[in-house]
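First the structure, in the form of structure tokens, and then the observations on it.
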Amino acid sequence: MQMSIETKAQVASAVDTAPVLTLDGITKTFPGVKALDGVSLDLYPGQVTALVGENGAGKSTIVKTLTGIYQPDAGTIRVAGEEMHFATAQDASAAGITAIHQETVLFDELTVAENIFIGHAPRGRFGLIDWPTMRAKSREILDRIDADLDPDMPLRDLGIASKHLVAIARALSVDARVVIMDEPTAALSHKEIEELYELVERLKSEGRAILFISHKFDEIFRIADRFTVFRDGQHVGEGLISEIAEADLVRLMVGRDVDQIFPQRDHAPSEAVLQVVGYSHPTEFDNIAFTLRKGEILGFYGLVGAGRSEVMQSLFGITKPSKGVVKIDGDIKVIRSPADAVGNGIVYVPEDRGKQGAVIGLPIFQNITLPSLSQTSRAGFLRLSEEFAMAREYTERLDLRAAALDQDVGNLSGGNQQKVVIAKWLATKPKVIILDEPTKGIDIGSKAAVHAFMAELAAQGLAVIMVSSEIPEVMGMSDRVIVMREGLIAAELEGDDLTPETLVRHAAGIGEEDQ
Amino acid sequence: MSDATSPRHIPDRLQSNAARLLKSWEVLLLGVAILIFIANSFASPYFLNAWNLSDATFNFTEKAMIAFAMALLIISGEIDLSVASIIALASTAMGAAAQVGAGTTELVLIGLVVGLAAGAFNGVLVTVMGLPSIVVTIGTMSLFRGISYIILGDGAYRGYPSDFAFFGQGYVWWVFSFEFLLFAVLAVIYYVVLHRTNFGRTIYTIGNNATAASFSGIRVARVKFILFLLTGLMAGVAAICLTSRLGSTRPSIGFGWELEVVTMVVLGGVSILGGSGTIPGVVIAAFVMGLVTFGLGLLNVPGIVMSIFIGAMLIGVIALPRLWDMWRRS
Amino acid sequence: MIAFLKSREAILAGAMLVLLALISSRFPGFVAPDNLARVFTDTSPLLLLALGQTVVILTRCIDLSVAANLALTGMVCAMLNAAMPGVPVIVILAIAVGLGAIMGAFNGLLVWKLAIPPIVVTLGTMTIYRGIIFLISNGEWVNAHEMSKAFTGFPRTVFLGLPVMAWIAIAIASGFFLLIARTPLGRSFYAVGGNPHAAVYAGIDVGKTQFWAFVISGALAGLTGYLWVARYAVAYVDIAAGFELEVVAACVIGGISIAGGAGTILGTILGALFLGIVKNALPVVDISPFWQMAISGAAIITAVAFNARSAKAKGRIILRRAQAHGAQA
């Protein structure tokens, strides 16, 4: 106790104690989901605050609120003590808040300099854009972050890492008091990450407040001074990084005992359903090999962009592999399209539910019968009563919450949309079901329902592949886990080898690069 | 909420089909059609005459035939602006054949085959090469009609066999022309295809979300290709009827029809962005456009002024509900 | 420089030079300066409208009402001149630009405030504007003898070897380079069309930007309306019928992507000139002018196929990074 006070006092004396940015009671509701529920957040000048939370905890929503993309339903934003309302992105930028976004919010057809300055380009006479100044300033900012890029180059000619540098330069082009970094290292190599850390140190020394969002605990403990934890849209803790152990931070983030919320399963290995050998793609993955058995849940873990979804989409016939063999029940199958995959008993629940999973605009029952129309129809003519019967059977099994089966699937919550997508595939009576981030962005209740259902499917003899970036989910659901890193299989873990530490180590490549 | 254990019963429908129908676009449009009909019958003593009304149907039957296929294509998220030029091309081909003595059967076959071939050409460019249909068909619109101009210049083909006139001028029974009956039969066929078959369902699915449709095992490119073929075929059918009705072919035949066909489809409640719309809506829109044209014609209002009315309807039918929404919310 | 040589503009310019060389090898008169000046003047209306259409297409919209706008403005100017011959040309010019801009703004408002798809809006206004011409003119022509000398003479006045009409096209085209390269609005057109989602993050109002694109397109259509009517000394309901498609064709041939956000002013200028040269060369090389339509159709299809091929989306490269890493370690 005594020590803790001392440390706080030390920190307080080292830097200005008044937070430069204060959020209080911020609430934001979307149809069906309360994304933020009265959260608070303080950012201090010259300090890095790590925002920690699982997917769907509300981190992206708070970033969008801070940058003027979303307007909160309730709560206050204070910058240097003054209450602010951000109606547009420009308002937030004018208040000195800038963000390096996780998604690409850049323009391929514009040049590097323009991407850095769009929205606040330096103006010359008659309000015209002052290109020479814009180029010079861009050059200056790029030099500051050691980015060797030509300001006149069109962005479309740059690689992902270079684009990221442009995004950083854009954030620095505003004289920002607050810099938000939303998973800034997700797409970077180790060398680039080191350079980013140096940049963070420099920003700190310049007295800027940094909000650092990351899933990687090693980097949080390396560069953050403070932490704030969100869980399911609520603020659940904050403090100094120096005063918390990693395990405690994980517990705060997950908020529950991992073993309790996942269904108990007795897994008896059975015969192989799906065998993949030497499966390769020119740019996305190489030499992928694994065997999937009946009644098994095989987890695929890795960092975002490790190539897991790419492998799954290729198995489902969306992209063409360059070589490799796929065997189903021991027979070699060539899958050229999703229709082929469905015909061979492989189905895929994609991560991007709104774009690739559910057909928003069509009613629930039509979504469910979509791949099974040949069963519900006669000679190509629809039979609605059969369709309703099929939809009813599967929606009741999945405990769907909806007003009616002819309701537009777009009016359902994320969790219920996911149930519709799963129901659609179960109706085809598949052999293998691939679930890509099946519980991403859905509420806890639906999460548990999806987990329970996955266990039930496996128990009934279905072979399940689950791609997931959430360690508790991977640990709690999988019989076996394949870890992917940069397009390759990094490890296959089961039994005692399967721990959060081994997962993270193999996913990040820690311990291998050092050798 | 989540601790309810037994599965809850979800009703099939929230509201009955009848209730849904009453609030539908089609019923509103039908009301408009009836109003126009009544207004016309008061405005002109010549309107309520079976033969006059029968004549009036020629204003829309040929365009409506294309509009049925176009409706399917637009619901699937594509568009074909070359349909009027396909008419010119097909008509030119038929005219050229007639000059060398082709009989009626050959002429009909040629019309249909040229239509199909033109549709296939569009379809390959859009579905195989992955080009945007709006630009592709603006291109083929110039190309197809351009070929007619190359062949015909400022000349014309005449001299079609006398029995060829039946398609555009013949009557099957009493005041019912061949064209009108063909229109009615096609309306029924397209209704069944779009609303009662698996194929129709996939069209809606693709229009709402082509990616998710493809991820659900639907062969999106194949369906779209078939729709381009169908649209070309219907343009071929319209070319036969129109050529037969006019008895001659000039390269300017059917000029500007593509816009009238698209207007008919959109007025019928088909979303230009794809994913929704019905055949009954298009049928009623065809009648509305035909009645407006005919009624104003009886009042000696020139055709170009009617186009104001139709253009205003096109924008108004979409704008008014949105304005009403905005007004209610504020 | 190398990048420029590989660009669509360079390829298009090269194709035009080859075309000119082929024509001049048999008909040297075609490339004589005064003939080239005539070709350019002939192409000016197409060029002006294509420039306006370019900014509209850049923002992911399309304006099919430009030809009707042109015809209506032209008729208003002609009737005004016939009724009040004393009104100076400068006032007529202002009216033409203003009236055109208002019609463009009407399109823009429907797209911005009511979010109606641009193709539906302009399909509708195209027939409405065209119909209004008939209403105000009763379908009658305004002929040369009803127009004042000043009215018809203005676009044809030769200044430094080129008619005023050509100078206007040159001035507006230069202005567009400035608009696109040097104004925030010009860059917003690219941002809104290229990545509307990101435009919001940069604080750009997508709908408002589209609105301004329609206003610009409309104003240019209006300006061209007066020039057209004055140059040909006649106004009637059907002038420039179907011209909107030629305008879109010039943009597409010039490499403006119909999906928005990509393309250059130089490309549009070359696209318009290409169509202009073809149109003017046909009678010279003794090919029936009836070939023109088919040629421009084939050119559109070739151009869009070519653009699509060069703009193939690059996939995510996961492995190369892994390999680069392996090399470093």
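What follows is calculated from the coordinates using simple rules that are stated; it is not laboratory data. This one's a predicted model, so the numbers in the text were calculated from it and none came from an experiment. Reconstructed Cβ throughout: ideal geometry from the backbone, glycine too, with neighbour counts over all protein chains shown.
A few points about this structure:
- A straight Cα-to-Cα reach below 18 Å connects A:Lys355 with the lysines A:Lys419, A:Lys424, A:Lys440, residues fewer than 8 places away in its own chain not being considered.
- Our coupling estimate for region A:367-375, obtained by passing each phi through the Karplus curve with A = 6.51, B = -1.76, C = 1.60 and θ = phi - 60°, is 5, 6, 8, 3, x, 10, 4, 5, 7 Hz, Gly and Pro reported as x.
- For chain C, the relative contact order is 32 percent, taking Cα pairs closer than 8 Å that sit 6 or more residues apart in sequence and dividing their mean separation by the residue count.
- Once the C-beta distance of A:Ala247 and A:Phe30 is scaled by a Förster radius of 25 Å, the resulting FRET efficiency is 0.15 to the nearest 0.05.
- Qualifying aspartates and glutamates (Cα of each under 15 Å from Cα of B:Lys224; at least 8 residues distant if same chain): B:Glu78, B:Asp80
- Interchain or long-range residues, amide H under 5 Å from A:Val20's placed H: A:Leu43, A:Tyr44
- Exposure proxy order (Cβ contacts within 10 Å, fewest to most) of C:Met147, B:Met129, B:Met65: B:Met129, C:Met147, B:Met65
- Rounded to the nearest 20, the size of the Cβ-charge dipole of region A:274-323 about its Cα centre is 160 debye, with Lys and Arg at +1 and Asp and Glu at -1.
- Dipole of region B:3-82 [Lys/Arg +1, Asp/Glu -1 at C-beta], most positive-end residue of B:Ala67, B:Ala43, B:Gly77: B:Ala43
- Computed from phi, the 3J(HN,Hα) profile of region A:197-211 under the Karplus parametrisation 6.51, -1.76, 1.60 (θ = phi - 60°) reads 4, 4, 4, 4, 4, 5, 4, 4, 5, 7, x, 8, 8, 10, 9 Hz, with x in place of Gly and Pro.
- Along chain C, longest interval not containing exposed trypsin sites (Lys or Arg not before Pro), exposed being DSSP loop plus at most 16 other Cβ atoms within 10 Å: C:1-311
- Nearest-20 debye value, chain B charge dipole, Cβ charges on Lys, Arg, Asp, Glu: 720
- Approximating the spin labels as points 7 Å out from Cα along Cα→Cβ, the C:Ala10-to-A:Gln375 distance works out to 5.8 nm.
- Converting phi to 3J(HN,Hα) with the Karplus coefficients 6.51, -1.76 and 1.60 and the offset θ = phi - 60°, region A:407-412 yields 6, 4, 4, x, 8, 8 Hz in sequence order, with x at every glycine or proline.
- Among beta bridges from DSSP that stay inside chain A, the antiparallel ones total about 55%.
- Mean silhouette area of chain B, derived from the convex hull of its C-alpha atoms and averaged over all directions, reads 21.7 nm².
- Inter-probe distance in nm under a simple model that places probes 7 Å from Cα toward Cβ, at C:Ala171 and B:Ile38: 5.8
- Summarising the strand pairing of region A:426-505, around 50 percent of its internal DSSP beta bridges are antiparallel.
- Taking the Cα centre of region B:1-158 as reference, the dipole from Cβ charges on Lys and Arg (+1) and Asp and Glu (-1) amounts to some 220 debye.
- Contour minus Cα-Cα distance for A:Leu128 and A:Ser205 (0.36 nm per residue): 24.2 nm
- Options A:His120, A:Pro154, A:Ala167, ranked by Cα towards positive dipole end of region A:107-174, top entry (Cβ charges): A:His120
- Looking at the protein assembly as shown alone, DSSP beta bridges between its own residues are antiparallel in about 60 percent of cases.
- Three semi-axes of the equivalent ellipsoid, region C:7-308, Cα gyration tensor, whole Å, largest first: 28, 27, 17
- Cβ-Cβ FRET estimate between A:Lys191 and A:Phe221, R0 fixed at 25 Å, reported to 0.05: 0.75
- Ranked packing of A:403-410, A:196-203, most packed first, by mean Cβ within 10 Å: A:403-410, A:196-203
- For B:Val172, the amide hydrogen comes within under 5 Å of the amide hydrogens of B:Ser177, B:Phe178, counting only partners 5 or more places away or on other chains and with H modelled in the peptide plane.
- Label-zone membership for region A:46-76, site A:Val304, 7 angstrom Cα→C-beta point, backbone N under 15 Å: A:51-64
- Pairwise centroid distance, computed over Cα atoms, of region B:265-287 with region B:70-109, Å: 23
- Comparing B:Ala286, C:Ala83, A:Ile288 along the charge dipole axis of the protein assembly as shown, the residue lying farthest to the positive side is C:Ala83, per the Cβ-charge model.
- The relative contact order of chain A, computed from alpha carbon pairs under 8 Å that lie at least 6 residues apart in sequence, is 15 percent.
- Estimated inter-spin distance, C:Val284 and C:Asp42, nm [label 7 Å along Cα→Cβ]: 0.8
- Extension gain (nm, one decimal) between B:Arg222 and B:Ala50, 0.36 nm per residue minus Cα-Cα: 57.5 nm
- Percentage relative contact order, chain B, counting C-alpha pairs under 8 Å, at least six apart: 32
- Residues whose amide H lies under 5 Å from that of A:Gln47, counting only those 5 or more places away or on a different chain, are A:Ile210; hydrogens are built 1.01 Å from N in the peptide plane.
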